[in-house]
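Please treat every number below as a calculation from the coordinates, not as lab data. For clarity, every value in this text was computed on a predicted model and none was experimentally measured. As a convention, Cβ positions derive from the backbone with ideal geometry for all residues, glycine included, and neighbour counts pool all protein chains shown.
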Amino acid sequence: MESKGKKSYSGGELCRFILPSLLGTVIFLLPIKWHGNMTILIGIITDALQVLLAPVISAVVTIAIVLSAVLSTIRKFLKPEWIIKSERLNALFSCSTFYYICRLLGMVFAVMVYFEIGFEAVVSPDTGGTMLGLLKTITVWFMAAAFLIPLLMDFGIMDYVGTLLRRVTRPVFHLPGRAAVDLLASWLGSNTVGAVLTIKQYERGYYTAREAIVIACCFSAVSLPFSLVIAAMIGVDHLFIPFYLIVTITGFVSAALMIRIPPLRLYPDEFCPDVGKQVKEEEIEGYTMHQWALKLAVEKAAKGPGVRQILLSGLSTFMGIVFQTAPIVMAFGTIACMVEAYTPIFKWLSVPFGYYLRLFGIEDAFAVAPAAIIGFIDMFLPSVLLAGVESVKTRFILGALSLVQIVYITEIGSIMISSKVPVKLKDLCFIFIEKTLIALPIIVLLTNLFGVF
């Protein structure tokens with residue numbers, strides 16, 4: 001057991017913890033009013049980048065997807081030493097046959113959409129056009145976030161907050177307290193940023209596989225600004241306060257239930273085999289909770305990266321997004337959008353959900369049932385289907401459901417599948433269905449209890 005003697009910290013040691021952590025908190029977590037709307041600083045930075053890069057971002061994304069497929073082909077068949085002997089290049093362009101095919105498909109789709117050639121089913125604004133537009137947004141988000149995430153990860157704020165909240169998150173969610181920072185980062189900013197933050201924590205040995213999957217699938221929530229957009233799209237923005245309150249309560253309650261049943265309960269509590277466990281959660285006698293939290297935070301900050309390391313780490317994260325994740329998003333997302341737009345498959349699959357919706361008194365249950373499952377493809381699609389529904393209550397309930405479902409393959413799903421987290425597409429599908437079944441009655445109950453209608 002560690003000595004009970006408490007160390008006093010110098011001003012420099014405290015500043016190394018406080019200043020970067022405060023900056024990261026302001027950038028990712030502090031809501032501010034900007035041009036009449038509530039947002040966060042990372043959102044403002046991203047918006048500025050989108051305006052600046054608007055003339056070239058489509059070309060940049062397309063070139064990145066093409067390079068991913070071409071260099072993966074070279075790595076797979078020619079095995080040149082300049083790739084094999086480079087740890088980073090080998091990691092980027094070495095992949096299984098399945099993901100190699102996905103990269104090839106992603107390249108074909110991206111080129112077709114960019115040059116507007118080929119089949120209308122691929123280049124349509126409802127399919128490939130949607131996905132290329134989505135990838136432009138994702139790419140710009142991570143261009144900004146990749147270099148700023150270390151402020152939250154590497155200078156002690158997650159250790160400090162995690163220690164203070166552990167006695168709440170452990171019994172309620174079976175998660176370490178540091179997950180609360182992930183939740184805030186995604187809840188207020190971007191769920192994709194929250195998912196990448198979670199994955200990086202797993203790959204560095206700070207979450208087990210089960211913890212990472214639970215956090216990404218249950219806590220990488222749709223952000224507050226996006227929730228406002230969805231509420232406006234489905235015409236319930238005048239009810240936004242109860243709408244978002246119900247989304248928040250349902251998210252927490254459904255997470256507390258899901259972590260206690262399969263499949264989330266069955267994932268291994270094992271750390272990433274590449275690094276092993278890198279976090280200490282024990283407490284030492286003689287320390288208050290705050291003192292122990294401060295000790296862990298200051299120690300983490302002392303080992304924090306310098307500017308050069310942050311830039312290299314950010315570049316590595318960003319390259320992973322554009323070369324590994326972007327092709328998969330393009331391939332999976334375009335195929336899924338084509339299935340939704342040109343086949344009745346989702347209508348067929350939604351029939352059982354129609355009965356489930358009718359069980360809870362949802363008006364026009366079978367007509368709106370596709371909106372209950374189409375969110376597995378992308379979080380925008382349910383609101384598109386709901387926009388023309390006559391019943392305000394139906395739009396309210398299913399709109400809230402779409403924000404709670406979280407797992408969708410065009411972003412969160414693809415990011416997780418292409419990472420080291422041991423989760424597969426069929427697992428995400430099952431988790432999505434389970435979340436839908438659990439969340440719907442909670443939303444209906446809260447809507448009635450709050451007397452919204």
field: Global geometry of segment 1-93, whether rounded, prolate or oblate, following the gyration tensor of its Cα atoms and the 1.5 cut on a/c
entry: oblate
Ratio Rg/Rh [Cα only; Rh per Kirkwood] for segment 331-453: 0.98
query: Per residue and in cubic angstrom, what volume does the convex hull of the Cα atoms of segment 44-99 have?
result: 112 Å³
- request: In vacuum, with every alpha carbon of the chain counted as one equal point scatterer, what does the Debye formula give for log10 I(q)/I(0) at q = 0.06, 0.12 Å⁻¹? Two decimals, please.
  value: -0.26, -1.08
- line: Along the dipole axis of the chain (charges at Cβ: +1 for Lys and Arg, -1 for Asp and Glu; origin at the Cα centre), the most positive-end residue among Val329, Leu135, Trp292 is Trp292
- request: Would you work out the charge dipole size for the chain about its Cα centre, treating the Cβ of every Lys and Arg as +1 and the Cβ of every Asp and Glu as -1, and quote it to the nearest 20 debye?
  value: 960 debye
- request: Using +1 at the Cβ of each Lys and Arg and -1 at the Cβ of each Asp and Glu in the chain, identify which of Trp82, Gly361, Leu401 lies farthest towards the dipole's positive end.
  value: Trp82
- request: Output the peptides 23-32, 134-143, 323-332 sorted from most to least packed, where packing is the average of other Cβ atoms within 10 Å over each peptide's residues.
  value: 323-332, 134-143, 23-32
- line: At q = 0.12, 0.15, 0.20 Å⁻¹, the log10 of I(q)/I(0) for segment 63-207 from a Debye sum over equal Cα scatterers comes to -0.71, -0.94, -1.15
- request: Once you have the Kirkwood Rh of segment 267-335 from its Cα pairs, apply Stokes-Einstein at 10 °C and 1.306 mPa s and quote D in µm²/s.
  value: 99 µm²/s
query: Dipole size in debye (nearest 20) for segment 279-376 around its Cα centre, Lys and Arg Cβ +1, Asp and Glu Cβ -1?
result: 340 debye
query: For segment 308-394, what are the per-bin percents of Cα-Cα distances with bins 10 Å wide, up to the bin holding the maximum?
result: 16, 35, 21, 15, 11, 3
- prompt: What span do the alpha-carbon atoms of segment 266-416 cover on each of the three principal axes, reported in whole Å from largest to smallest?
  reply: 60, 41, 29
field: Tail beyond 20 Å, pair distance distribution of segment 111-187 (Cα, percent)
entry: 55 percent
